[in-house]
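Every number in this text was worked out from the coordinates using simple rules, so none of it is lab data. Predicted model, so just to flag it, every value in this text is computed and none were measured. Quick reminder, even Gly has a Cβ in these numbers, built from the backbone with ideal geometry, and neighbours come from all protein chains shown.
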Amino acid sequence: MIRFDNVTKRYPDGTVAVDSLDLTAETGKITVFVGPSGCGKTTSLRMINRMIEPTQGSIWLDDRDTSTIATHELRRRIGYVIQHAGLFPHRTIVDNVATVPLLLGTDRKKARSDAMDLLERVGLDRGFAKRYPAQLSGGQQQRVGVARALAADPPVMLMDEPFSAVDPVVREQLQDEFLRLQDDLGKTIVFVTHDIDEAIKLGDRIAVLRVGGHLAQLATPADLLARPADAFVAGFVGRDRGYRALGFSEGHELPHHEEPTVRMGETAPAASEAAEWLLAVDGEAHPQGWINVEQTAGREVTEELLYRGGTLATQGGSLRAALDACLSSPSGRGVVVDENHRLLGSAQLDEVVQLIKSEPGPAGADGDTGTGTGTQGTSGATAAVLQKGPA
Amino acid sequence: MATGGPRMIGNVITWLNDPSHWRGTGTTDGIVTQLERHISYVGIALLIAMLIAVPLGLLIGHTGRGGSAVSLANAIRSIPSIGLLILLVVIISPHFHGRTQAGFIIPTEIVLMLLAVPPILAGTYAGVENVDPAVRDAAYGMGMKGGQVLLKVELPNSLPLVISGVRSAALQLIATATIASFVPLGGLGRFIYDGLAQRDFPQMIGGGVLVALLALLVDLLLAAIQRILVSPGVSGRFSKRADRRRGAAGEADSRVAAVDEAGVTV
Ligand SMILES: Nc1ncnc2c1ncn2[C@@H]1O[C@H](COP(=O)(O)OP(=O)(O)OP(=O)(O)O)[C@@H](O)[C@H]1O
Ligand SMILES: [Mg+2]
């Protein structure tokens with residue numbers, strides 16, 4: 001657990017970067033600091049490992065005041081990942097990763113073989129071990145940065161916009177791998193980003209900071225989307241949040257009806273015998289796509305005939321996925337599958353909307369006006385929040 | 001002079017090819033002996049200069065304080081070497097009597113050392129200062145102490161500039177060490193001054209050629225040392241062998257062994 005106790009940072013030039021911050025980052029969880037540029041995220045993060053000393057207040061690591069621990073010892077127990085990785089150019093990848101264990105006195109052979117294992121864990125081939133940082137792409141360097149921070153198995157990790165310097169596709173990969181890794185490792189992580197989507201995806205709890213170093217709201221992603229504490233947070237969390245909030249509403253029994261199908265390779269039925277759109281499945285009932293019966297009647301169902309635009313809703317998955325399955329389906333019927341991606345049937349849009357309405361969550365609690373408009377964007381949700389005032 | 005050019009080159013080659021000029025005669029020292037002296041004047045001054053300038057440059061770069069010392073050292077370079085040498089000889093040599101040459105050697109070494117310190121100091125300082133701030137930050141962030149950051153991170157990354165400072169100092173010393181022969185010491189300058197005095201131009205030019213050749217050889221040697229000392233990650237000279245090994249998949253375990261053997265990085 002990391003606890004900020006009334007922490008203020010005033011730089012020598014008078015800038016107050018962090019103002020009376022009280023906050024707890026829970027053990028084994030990812031706490032995300034998010035906010036606009038210059039709001040004090042980096043300053044807050046760096047006060048934890050004392051790269052920056054607070055002007056006032058104290059920061060506690062479990063039950064120890066960090067100011068009582070020698071800085072180098074404190075930092076060796078805290079993994080630290082920065083934006084451009086900051087790898088040592090003169091060291092090979094494996095030696096970069098082994099840095100902290102070597103500082104702690106682990107023998108070289110063991111430190112190196114552990115480092116090799118870590119490289120694999122963060123998704124890098126062992127063949128990279130002997131390369132130098134300059135020979136790696138930005139995304140690869142960032143993976144090494146994460147491996148290096150993990151090398152001494154620190155209970156705490158600090159990450160300052162670790163994925164922001166790579167392209168969106170790689171970023172998504174790195175985020176997914178990071179979450180998978182965290183599932184295994186259960187570190188106490190403080191993660192800084194200015195990207196609210198990244199915060200929502202990664203955070204167990206999100207601390208929204210506003211310029212001047214004030215904590216605007218500390219909440220779970222679902223709560224943040226559903227109940228922004230004030231206009232600043234609402235604005236920062238951004239558009240579509242009513243829709244995105246549905247992503248956190250999981251475990252519902254989706255209504256579904258039997259859906260006529262055609263097997264791949266079979267002959268499509270005549271137009272008069274079926275509805276306009278027909279679902280194609282493979283031999284194991286995995287949905288493949290839709291065919292337009294009018295255009296394909298009598299022809300063999302092949303890959304080329306398929307319309308693949310529709311998404312799938314998994315039974316027990318999120319309402320967002322269910323809604324999206326309906327909206328993206330050319331037939332207007334959302335395809336529902338089980339965990340093994342086998343077809344269960346299809347759901348109608350108004351059935352899913354009904355389910356959203358009955359949802360006891362924040363949207364539902366605001367009454368019919370708020371919930372029914374879930375698909376219509378943010379205006380309804382914002383209005384509801386404004387009526388309620390700060391939660 | 002019209003016919004002097006080609007003929008002079010021939011004469012210089014003849015002078016350089018004469019074995020007695022290399023061995024020396026009963027009364028005069030040969031090229032070999034003077035070369036040794038030249039190298040020793042340069043070597044000693046360079047060594048002392050490195051012992052002073054490298055640690056000082058590292059410290060100034062690391063702390064970011066005392067940058068003015070670097071400019072001050074640079075100002076020293078503009079003092080005329082021969083003038084300073086004569087001044088120091090006048091001050092120092094009266095303290096030595098008898099057969100010792102210390103009264104001349106010490107002033108010469110001081111002058112050479114003063115010439116060598118500024119480029120090495122400036123190179124080292126610039127090298128440390130140019131280390132990527134993110135890299136330095138990461139080093140502290142991982143729990144390195146100041147000294148560890150300096151020796152394990154800043155020094156290896158500044159090495160190319162440190163060594164290039166040493167190389168330019170060495171070149172300058174090899175050229176300037178000829179002034180040792182101005183006060184009556186040896187070195188390759190002997191041939192230049194004697195040749196000039198005796199109007200023996202092949203000897204004078206031959207001496208100059210030897211100085212140039214020595215400078216070339218020493219620079220090549222230092223370049224080779226640079227290649228060995230500077231990490232490929234810093235110089236960008238990634239080995240072809242490592243490239244090939246990288247290309248081949250499925251050798252993971254032999255790679256671990258290879259990594260274990262190659263424990264050279266600082
Ligand atoms: N060394 C410093 N001296 C003076 N002011 C500083 C210093 N470092 C940061 N600041 C100021 O403190 C405030 C917070 O900076 P900080 O780096 O913590 O912001 P941030 O939230 O990380 O921003 P970004 O998203 O742009 O990285 C800013 O106004 C910044 O200008
Ligand atoms: Mg920042």
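A few comments on the model shown:
- DSSP-defined antiparallel bridges as percent of all bridges, the range A:2-240, nearest 5: 50 percent
- Relative contact order for chain A: 15 percent, from Cα pairs under 8 Å spaced at least 6 residues apart, divided by residue count.
- Chain B: most fluctuating residue of B:26, B:165, B:233 per GNM, C-alpha cutoff 10 Å: B:26
- Among B:161, B:214, B:51, residue whose mean-square fluctuation peaks in a GNM of chain B (springs only between Cα atoms under 10 Å): B:51
- Furthest towards positive pole of dipole, B:72, B:83, B:188, structure part the range B:29-230, Cβ charges: B:72
- Counting Cβ atoms of other protein chains within 10 Å of each residue's Cβ and taking the mean over peptide B:138-150 gives 6.
- Taking every DSSP helix (H) stretch of at least 4 residues in chain B, weighting each as -39,500 (n - 2.57) and dividing the sum by the residue count yields a mean residue ellipticity at 222 nm of -23500 deg cm²/dmol.
- Here is the size of the protein assembly as shown from its Cα atoms: Rg then Dmax, 37.0, 125 Å.
- Per-residue ellipticity at 222 nm from helix content only, as computed over chain A with -39500 (n - 2.57) for each DSSP H run of at least four residues, stands at -9500 deg cm²/dmol.
- Nearest 10 degrees, 0 to 90: helix B:252-261 Cα axis against chain B principal axis: 40 degrees
- Given A:110/B:152; A:130/A:201; A:110/A:187; A:187/B:152; A:41/A:187; A:130/B:145, the pairs whose alpha carbons are separated by over 31 Å: A:130/A:201
- Average beta-carbon neighbours from other chains, 10 Å sphere, peptide B:129-137: 3
- Largest GNM mean-square fluctuation across B:136, B:77, B:190, computed for chain B with C-alpha springs under 10 Å, falls on B:136.
- Using every pair of distinct Cα positions in the range B:66-224, the Kirkwood expression returns a hydrodynamic radius of 18.2 angstrom.
- For the range A:261-358, average projected area of the Cα convex hull in nm²: 6.0 nm²
- Per the Kirkwood formula applied to alpha carbons, chain A shows a radius of gyration over Rh ratio, Rg over Rh, of 1.06.
- With a Förster radius of 25 Å applied to the C-beta separation of residue A:60 and residue A:153, the computed FRET efficiency comes to 0.75.
- Taking the range B:29-230 and dividing mean pair separation by its residue count, relative contact order in percent (alpha carbons under 8 Å, at least six apart): 26 percent
- Helices meeting the span-like rule in chain A (full DSSP H runs, Cα extent of at least 24 Å along the helix axis, mean Kyte-Doolittle score of -1.0 or higher): A:168-185.
- Peptide A:103-115 has a mean shielding of 2, counted as Cβ atoms of other protein chains within 10 Å of each residue's Cβ.
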